[in-house]
Amino acid sequence: MRPRALLLSALAIAVVGGLIGGLVVWAFIAPRGIGGLSGSVPVIGDGGASTTGVHAAAEYAAPSVVSLRVSTESRSETGSGIVLRDDGYVLTNAHVITLDGTVDNADVRATVADGRVFEATLVGLDPLADLAVIRLDGAEGLTPASFGDSTEVTVGDPTVVLGSPLGLAGTVTSGVVSREYRSIEIVSSAVPPETDTNLDATNETGPTATPGPPGSSTIHLAVFQTDAAINPGNSGGPVVNLSGQVIGIAVAIATTSSAQTSHASGSIGLGFAIPGNVALRVAEDLIAGRTPSHGAFGASVMSSTSVTPSGPTVVGAYIDAVTSGGAAARADLRRGDIVTSVAGLPVTGPGDLLAYARLFEAGTAVDVDVYRQGETSTIEVVLDSAA
């Protein structure tokens, strides 16, 4: 998609949907299949030396990759997708299908690996996770992807990215996982204004979202990071392991731009992917006609390092206020507490807290490490539902 940028320290985060004009914090969600989709490790090749490493992974995963062209009368862009079921259900990013949240009725044409072209219909959209499911009209005999367990991802693991960067279908790049957990912010017009400033308000100093178009909002995504080249057009496509199993969905890249731009500058070796386990959970809900559930803490938070001069001495998310009757209040969290981890994932600022809560369904009990008056304790929080 034509990306919207976000200032993150000296870098910008840009969604990577197309051309022309979120840890593994997936955590604690077991991999699931959809309509026969298997989480088992595939056997690649015949045991000979002809298919190994990146070659084998790409060969195994390629039949499940879809190239998407999303267009209106005035705009046409490209993205990527992943086959979920042989009868045409495909997973991609919400920002791909909505042209960065600007339209809800774009024409979508999908080209599958064997060259067939289909018109596509939107099945469901989850803007809070930047995920969508479409169905290819009249499709049959497609090859569903195999999903691995994204909770097993660790720094240094090889990654292979497939998709249509810059409209170049069938492109393969490779690298490694360069960070297991990370939260990023992207600007989206596909979610209601102030989505992340209702129950879970962020009052940060430092990195802030570059202003988007009227009606746009900043959303926080939990992702893992890879140095495999990801470019505009890769959005919605698979990040796979060396067994060819999907472990993530490409969603964004960091660029060196410090302001909103009309096009991403391309890969600088910092790409981000939504954990596959989370994507499968969301996709399953969308296919079933359910609204995907995401957790929330019910607290207004800010960076602990912005509380000076006699304030906190640890890095984390400083609770500035709690919502009466909300998750934080029920757990007896209070103003002045600093959340330093959620479900074992280190929290370095308010964005982490917001993003990591959304990995889980509302009503999930998670352990939260809290720094209070010089002491750290672990408190169980039963999550609210995100707006």
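Taking the charge dipole of segment 93-134 about its Cα centre, with +1 at Lys and Arg Cβ atoms and -1 at Asp and Glu Cβ atoms, the residue from V133, G115, L99 reaching farthest to the positive side is G115.
In segment 272-387, the portion of solvent-accessible area held by carbon and sulfur atoms comes to 47 percent [1.4 Å probe, whole percent, DNA, RNA and ligands not counted]. Three principal axis extents describe the C-alpha atoms of segment 81-169; from largest down they are 40, 31, 25 Å. As a length-normalised measure over Cα pairs under 8 Å and 6 or more apart, the relative contact order of segment 47-163 settles at 29 percent.
Once the 1.4 Å probe is applied to the protein heavy atoms, segment 80-179 comes out at 37 Å² accessible per residue. Could you tell me whether segment 334-387 comes out rounded, prolate or oblate from its Cα gyration tensor? Rule is a ≥ b ≥ c as square roots of the eigenvalues, rounded for a/c under 1.5, then prolate if a/b exceeds b/c, otherwise oblate. Prolate is the answer for segment 334-387, as a/c is 1.5 or above and a/b outweighs b/c.
What is segment 234-375 by shape, rounded, prolate or oblate, if you read a ≥ b ≥ c off the alpha carbon gyration tensor as root eigenvalues and call it rounded for a/c under 1.5, prolate for a/b larger than b/c, and oblate otherwise? Cα axes put segment 234-375 in the oblate bin.
The values are calculated or read from the model by the stated rules, or taken from the named source; none is laboratory data. As the structure is a prediction and not an experimental result, all values here were calculated from the model. Positions of Cβ are backbone-derived with ideal geometry, glycine not excepted, and every protein chain shown enters the neighbour counts. Remember, those area values only see protein heavy atoms, side chains included, never the ligands or the DNA or RNA. Shrake-Rupley method; radii C 1.70, N 1.55, O 1.52, S 1.80 Å.
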